[in-house]
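Colleague: Shown below is the structure under consideration.
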Amino acid sequence: MNQTVQNESALIGHRRVGGYLHFRRLERAGATLAAAGLTASLTLHLGAAERLNGFDVSNALIPREAILSGGPPRDGIPAIVRPRFDPASRAASFLKDEDLVVSVTVEDETRAYPLRILVWHETVNNVIRGQPLAITYCPLCGTAMVFDRRVGERTLDFGLSGLLYQSDVLMYDRQTESLWSQLAMQSVAGATGGPEVALVAR
């Protein structure tokens, strides 16, 4: 059956983690106080550099200074987790002849993911004929890639980190909160530290 994803049935919630640093009043003066202030300042700066958009990048496999904010916060661009589909016969009601789609076929089933929807969501978590897939699209690079979401014994659910590496989207998985590079096809920071996702199509 040929189907086209139309919209999302549910929003993805996310949580914000805030950190606060409290200083006790120091009674000592002079060089000791100055040194304590310098140490606190350095600790705060280095601690902030270890996390970006709430993600641990202390063990990043890519240069940390090259991981940049794309603007939105984590999940500011909501990945689709429960896509709904229309039959291809109804696609003409909202698609034009010149619209591009990412087409994925597993066995005898084909599904189409219009770029006009992917540009707003960038990642779709879907299952076709029992195969868990991530359909990904980076508007900045114009790259569409489809991955098998199974890594080891886990099936991962992907969201958008709000971060970029070399102008390409960095996804994250909700099971370990590791960062994944679309183009590198692997985890680049976090608990997983290096495993790859299997490329299905691009």
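The values are calculated or read from the model by the stated rules, or taken from the named source; none is laboratory data. Quantities reported herein were computed from a predicted structural model and do not represent experimental measurements. All Cβ positions, even for glycine, are placed from backbone atoms using ideal geometry, and neighbour counts span all protein chains on display. To get the accessible areas, we keep the full protein, side chains included, count just its heavy atoms, and leave off ligands, DNA and RNA. Shrake-Rupley method; radii C 1.70, N 1.55, O 1.52, S 1.80 Å.
Colleague: Taking the stretch 73-123, which residues are more than 26 Å from the chain's Cα centre (by Cα) and part of a loop (DSSP other than H, G, I, E, B)?
Modeller: Phe94, Leu95, Lys96, Asp97, Glu98, Glu107, Asp108
Colleague: I'd like the full set of residues that are modelled with pLDDT under 95 and in a loop (DSSP other than H, G, I, E, B), limited to the stretch 179-193.
Modeller: Leu183, Ala184, Met185, Gly190, Ala191, Thr192, Gly193
Colleague: Among the residues of the stretch 142-159, which ones are under 20 Å from Pro78 (Cβ atoms), open to solvent by 20 Å² or more (accessible area, probe 1.4 Å) and not hydroxyl-bearing (Ser, Thr, Tyr)?
Modeller: Once the filter is applied, which keeps residues that are under 20 Å from Pro78 (Cβ atoms), open to solvent by 20 Å² or more (accessible area, probe 1.4 Å) and not hydroxyl-bearing (Ser, Thr, Tyr), the stretch 142-159 yields Ala144, Asp157.
Colleague: Given the condition crowded, with 17+ Cβ neighbours inside 10 Å, more than 22 Å from Glu196 (Cα to Cα) and either at pLDDT 95 or above or among the hydrophobic types (A, V, I, L, M, F, W, C) (or both), answer yes or no: does some residue in the stretch 118-137 qualify?
Modeller: Yes.
Colleague: Output the residues belonging to the stretch 142-156 that are closer than 22 Å to Val101 by Cα and part of a loop (DSSP other than H, G, I, E, B).
Modeller: Here is the first cut: in the stretch 142-156, the residues closer than 22 Å to Val101 by Cα are 142-149.
Once the filter is applied, which keeps residues that are closer than 22 Å to Val101 by Cα and part of a loop (DSSP other than H, G, I, E, B), the stretch 142-156 yields Gly142, Arg149.
Colleague: Could you run through the stretch 127-148 and say how many residues are within 24 Å of Leu52 (Cα to Cα), under 13 Å from the mean Cα position of the chain (by Cα) and of a type outside the set (S, T, N, Q)?
Modeller: Here the count works out to 3.
Colleague: Please work out if Gln166 is within 21 Å of Phe55 (Cα to Cα), free of Cβ contacts under 8 Å to residues at least 24 places away in the same chain, open to solvent by 50 Å² or more (accessible area, probe 1.4 Å) and of a type outside the set (Lys, Arg).
Modeller: Working: within 21 Å of Phe55 (Cα to Cα): yes; free of Cβ contacts under 8 Å to residues at least 24 places away in the same chain: no; open to solvent by 50 Å² or more (accessible area, probe 1.4 Å): yes; of a type outside the set (Lys, Arg): yes.
Spelling it out, it is not the case that Gln166 is within 21 Å of Phe55 (Cα to Cα), free of Cβ contacts under 8 Å to residues at least 24 places away in the same chain, open to solvent by 50 Å² or more (accessible area, probe 1.4 Å) and of a type outside the set (Lys, Arg).
Colleague: Quick one: how many residues across the stretch 51-94 are of a type outside the set (Lys, Arg), open to solvent by 60 Å² or more (accessible area, probe 1.4 Å) and at pLDDT below 90?
Modeller: Here the count works out to 3.
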